[in-house]
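The block underneath contains the structure these notes are about, expressed in structure tokens.
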């Protein structure tokens, strides 16, 4: 764990977690939930990592901006209580679209920058010195104090937290060029042929006054160029970050350790395989707990004759069959003779006797009938998005039914 010295002065820091939109690349898994509400590791949801990083860093004011299916997060967020953010002054605040000003679609933002634009009045009213903006779709550990400390020491107006990933994956991210002095010199969103794998980790630290100034400037420019406000301001790399780069006031902070954006089914399965292989370090430091809101269930139970290999079982799970290289969420039941391999099952999934599941992600409260066959062994690991079966919440597969690799079942389906 990085040792961080106390701030030379005490800036007021606001953390904003952008819980985003529909997460369309996750297909049926985000039809009826916000993407940050997707489970990871059985016990957690994606938003837990952003909130735990802010809470553990001692950030006093934490806002969560939800644009889609807010109710899918509300029970889990529990008013900020799991992260010790439920206080009388400051602490947790969930922002709904109606609290902001109209964007391209009235009441909703159309991009991360548009979301911040709508929050300008609230930010101005609070009067922070520093604004930390982060996505809620990634698994990682970060001491925000270290980023803010560097940000203040350099006199930066913007600090972009960066991470290095394989070059072939960088085409899905915002690629960032950084010079020898740590200054950000260029950013390009989702380039066709990235030159390297240094990308924005979806954590940005702003000087509050500079952020408000640039947002106001963007708003004025849009009013001139688009009087009907038919277009939003897009994402960070489209217009906001380049303004700071042009002035030479944007710097990078390199994140070490594990970082994954779980935005596609193939990455989602691979991130769980990495967890099972012990390659995810975010849970290793007890001084930096990843907190969550978790149901009170009895411990998992494995019956005599069951086989469990390289898997993770959470509370309330019952296994009488075979489970290999899989993660089972709370309350799942695997009956005798059933086989689950290379899968992620969310909570309360029942797999009946003789059913075989391979390379699947199954949403909560689904029932897989006896002797059903779902999915197939992929040609290689990790499988492609097209090889993974995604089953929406509360779906049922009939006994003996065969579901081919790559199938998508909408929430509430029967097959």
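Here are a few things to note about the model shown:
- The stretch 165-188, residues that are touching a residue at least 60 places away in the same chain (Cβ under 8 Å), in a strand (DSSP E or B) and closer than 13 Å to residue 254 by Cα: 176, 178, 183, 184
- Residue match in the stretch 189-199 (condition: at pLDDT 95 or above and not in a loop (DSSP other than H, G, I, E, B)): yes
- Within the stretch 90-112, considering residues that are modelled with pLDDT of 75 or more and in contact with a strand residue (DSSP E or B) (Cβ under 9 Å, 6 or more places away or on another chain), the one surrounded by the fewest Cβ atoms within 10 Å (Cβ to Cβ): 90
- Single condition residue 272 does not satisfy, out of (1) assigned by TED's automatic domain parsing to the domain that holds residue 46; (2) surrounded by fewer than 16 Cβ atoms within 10 Å (Cβ to Cβ); (3) in contact with a strand residue (DSSP E or B) (Cβ under 6 Å, 6 or more places away or on another chain): (2)
- Scanning the stretch 113-154 for residues that are surrounded by 18 or more Cβ atoms within 10 Å (Cβ to Cβ) and without any contact (Cβ under 8 Å) to a residue 60 or more places away in the chain yields one hit, 118.
- Test: residue in the stretch 62-85 that is touching a strand residue (DSSP E or B) at 6+ places or on another chain (Cβ under 6 Å), in a helix (DSSP H, G or I), at pLDDT 95 or above and closer than 27 Å to residue 208 by Cα: no
- Failed item in (1) touching a helix residue (DSSP H, G or I) at 6+ places or on another chain (Cβ under 9 Å); (2) not in a loop (DSSP other than H, G, I, E, B), with residue 383 passing the rest: (2)
Yes/no per residue for (1) within 28 Å of residue 84 (Cα to Cα); (2) more than 25 Å from the chain's Cα centre (by Cα):
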{"residue": "213", "(1), (2)": "no, yes"}
{"residue": "218", "(1), (2)": "no, yes"}
{"residue": "278", "(1), (2)": "no, no"}
{"residue": "281", "(1), (2)": "yes, no"}
{"residue": "285", "(1), (2)": "yes, no"}
{"residue": "293", "(1), (2)": "yes, no"}
{"residue": "301", "(1), (2)": "no, yes"}
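- Within the stretch 361-373, the set of residues being within 16 Å of residue 394 (Cβ to Cβ) and either outside the structural domain of residue 398 (by TED's automatic domain parsing) or assigned to a strand (DSSP E or B) (or both) comprises 361, 362, 367, 368.
- Identification of strands (runs of 3 or more DSSP E) wholly contained in the stretch 232-335 with 3 or more residues that are free of Cβ contacts under 8 Å to residues at least 60 places away in the same chain and farther than 26 Å from residue 145 by Cβ yields 307-309, 322-324.
- Odd one out for residue 221, checked against (1) in contact (Cβ under 8 Å) with a residue 12 or more places away in the chain; (2) in a helix (DSSP H, G or I): (1)
The values are calculated or read from the model by the stated rules, or taken from the named source; none is laboratory data. These numbers were taken from a predicted model, which means no experiment stands behind them. Ideal geometry is used to build each Cβ from the backbone, glycine not excepted, and the neighbour counts take in all protein chains shown.
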